[in-house]
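Let me begin by presenting the structure, written as structure tokens, before commenting on it.
Throughout, read-outs are computed from the coordinates displayed, never taken from laboratory work. Only a predicted model underlies this, so the values are computations on that prediction, with no experimental measurement involved. Note that each Cβ is placed from the backbone with ideal geometry, even for glycine, and that neighbours are counted across all protein chains shown.
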Amino acid sequence: MAARIDLTLDCADAALLAEFWRTALGYVDEPPPAPFATREEWLAQFDDLSEDDSADDAAWLCDPEGVGPRLSILTVPEPKTAKNRLHLDIRVPGYGGPAERWARIRAESERLVRAGGVVLAEAEGHHVVMADPEGNEFCVAAAPA
């Protein structure tokens, strides 16, 4: 059996980044693990957290259909300093010829710009390189046929 993965993004503003990635991926806030009713209760169980740590310093998102990986977004004190060594590819669904696929990719990248993303580059006909509101790079491309 293959291992499952979760993804973690470090950031300066967890609420801002969570809002963007909810919009980009169609994800929802993940409920706290059972038996906890809130993230605050869940965090209270950890002895090694400082008094400054709070649920507002993080967000946990999940695919509402349970298919995609979970996404943890954690506030950290240091800024992003270089290009990501790992990035996400957002795959736009649908079929059709190259022009139709490219039109869907462009439409999705435009939607993500309205949500706070930035276009960094285009490989015309293939993919758009973007950055989220904190500069984390990702690509928008067509889903494999």
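Simple point charges give the picture: +1 on the Cβ of Lys and Arg, -1 on the Cβ of Asp and Glu, and for the chain a dipole about the Cα centre of about 1040 debye. Rounded to the nearest 10 degrees, the angle from helix 14-25 to the longest Cα principal axis of the chain is 40 degrees. Once the GluC sites (Glu not before Pro) in DSSP loops with at most 10 neighbouring Cβ atoms within 10 Å are cut out of the chain, the longest remaining piece is 66-123. DSSP beta bridges fully contained in segment 88-142 are about 65 percent antiparallel.
Output the relative contact order of the chain, whole-number percent, from Cα pairs under 8 angstrom with separation of 6+ residues. Over the chain, the number comes to 26 percent. Each DSSP beta bridge with both residues in the chain is either parallel or antiparallel, and the antiparallel ones are about 60%. Over all orientations, segment 61-145 has a Cα convex hull whose mean projected area works out to 6.5 square nanometres.
When the Gaussian network model of the chain links Cα atoms closer than 10 Å, the mean-square fluctuations of TRP21, TRP102, TRP60 top out at TRP102. The slack between VAL119 and ALA99, meaning 0.36 nm per residue of separation minus the straight C-alpha distance, is 5.2 nm.
Here the calculated FRET efficiency for LEU16 and ARG106, from their Cβ-Cβ distance with R0 = 22 Å, stands at 0.30, rounded to the nearest 0.05. Scanning residues 5 or more positions from MET130 or on other chains, those with amide H under 5 Å from its amide H are LEU120, PHE138, CYS139, VAL140, with H placed 1.01 Å from N in the peptide plane. For the chain, the normalised intensity computed at q = 0.10, 0.11 Å⁻¹ comes to -0.40, -0.48 (log10 of I(q)/I(0), Debye sum over alpha carbons, equal scatterers, no solvent). Each Lys and Arg adds +1 at its Cβ and each Asp and Glu adds -1 at its Cβ; summed about the Cα centre, segment 7-75 shows a dipole of about 420 debye. Note on segment 118-145 and segment 65-111: Cα centroid distance 7 Å, given to the nearest whole angstrom.
Taking label points 7 Å from Cα along the Cα-to-Cβ direction, ASP29 and LYS83 give a separation of 3.6 nm. Placing unit charges on each Cβ (+1 for Lys and Arg, -1 for Asp and Glu) gives segment 88-142 a dipole about its Cα centre, and among HIS127, PRO98, ALA141 the Cα reaching farthest toward its positive end belongs to PRO98. Residue by residue, segment 122-139 carries 3J(HN,Hα) couplings of 10, 9, 3, x, 10, 7, 10, 8, 10, 10, 6, x, 10, x, 6, 6, 8, 10 Hz when phi is fed to the Karplus relation 6.51 cos²θ - 1.76 cosθ + 1.60 (θ = phi - 60°); x denotes Gly or Pro.
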